[in-house]
């Protein structure tokens, strides 16, 4: 775990999801205007209408069938899109280093325009906020102003960890690639690709054939950093789900990026309380007033 903050060239900032993502390279350019969470308010019919060519392709048809069944397993498209405000409290443990203390995270999502993440533990006290096109990261007494495009990679990564159901709404290209077995589960595998939060993503979603829920999300992201363009590889594995008011969400997630492995254990969730917009204001000290 790193305990310093790098503000050089505004290319790096703390990623508040645990020890496996202490510092995240931010893209210098974005080629897509929508984050994953923005699809909550979309009127898009999912899955999208298939062309005649797609309808003649058995692997695409099979993928669409799996996606439809999975949407229903999570509670249905209408229920998924009805979640307008969400609050999560969870603990992140470093699976590679047993001496590292757990980190406590509280994350707020409000539509596609507001986001806040608070992290505490292991000598770390940090807040990241998005408010429309503006944003901030505060570590200790230091606050840095960021743009929405700079915060999007962090926000969309957290959404992928906490809301795998939204991944079903995010990838226009999907193709069934066969079955696999893992941990006594039969998995239907679908190759996926598309833009999320301004970055091109390709990978695979593996669905538990018994529950129709996403069990694993493997991905590669093309990302620009201060050292140039590179590929970020990772995996989210959703080991356990909980249901509330007809909506299913993961409460135990194993997150991998490179050799770093973390475990997220979700405690409290709230999908009904309307979040106050004051949560998403500039966290820095107010400007000094002149007499």
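The values are calculated or read from the model by the stated rules, or taken from the named source; none is laboratory data. Remember, predicted model here, so these are calculated numbers, not experimental data. FYI the Cβ positions are ideal-geometry reconstructions off the backbone, even for glycines, and counts take in every protein chain you see.
State which residue is surrounded by the fewest Cβ atoms within 10 Å (Cβ to Cβ) when the search covers only segment 83-116 and only residues that are without any contact (Cβ under 8 Å) to a residue 24 or more places away in the chain and out of contact with any strand residue (DSSP E or B) (no Cβ under 8 Å at 6 or more places or on another chain). Talk me through it step by step, then tell me what you get.
Within segment 83-116, the first condition is being without any contact (Cβ under 8 Å) to a residue 24 or more places away in the chain, and the residues that meet it are 98-99, 101-102, 104, 106, 113.
Still in the running and out of contact with any strand residue (DSSP E or B) (no Cβ under 8 Å at 6 or more places or on another chain): 98-99.
Details: 98: 7, 99: 5.
The residue in question is 99.
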Go through segment 128-163 and report how many residues are in a strand (DSSP E or B), within 21 Å of residue 94 (Cβ to Cβ) and either under 15 Å from the mean Cα position of the chain (by Cα) or modelled with pLDDT of 95 or more (or both). 1
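Does segment 249-260 hold any residues that are under 16 Å from the mean Cα position of the chain (by Cα) and surrounded by fewer than 19 Cβ atoms within 10 Å (Cβ to Cβ), and which are they? Walk me through how you get there before you give the answer.
Here is the first cut: in segment 249-260, the residues under 16 Å from the mean Cα position of the chain (by Cα) are 249-257.
Correct list: 251, 252, 254, 256.
Can residue 263 be described as at pLDDT 95 or above, crowded, with 17+ Cβ neighbours inside 10 Å and over 19 Å from residue 68 (Cβ atoms)?
On the way: at pLDDT 95 or above: yes; crowded, with 17+ Cβ neighbours inside 10 Å: yes; over 19 Å from residue 68 (Cβ atoms): yes.
So residue 263 fits the description; yes.
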So residue 172 passes all but one of these: (1) closer than 25 Å to residue 232 by Cα; (2) surrounded by 18 or more Cβ atoms within 10 Å (Cβ to Cβ); (3) touching a residue at least 60 places away in the same chain (Cβ under 8 Å). Which condition number does it fail? (2)
Do any residues in segment 43-70 that are closer than 16 Å to residue 191 by Cα have Cβ atoms under 6 Å from those of residues that are assigned to a loop (DSSP other than H, G, I, E, B) and at pLDDT below 95, where the two are at least six apart or on different chains, and which pairs are they? 64/47; 67/47
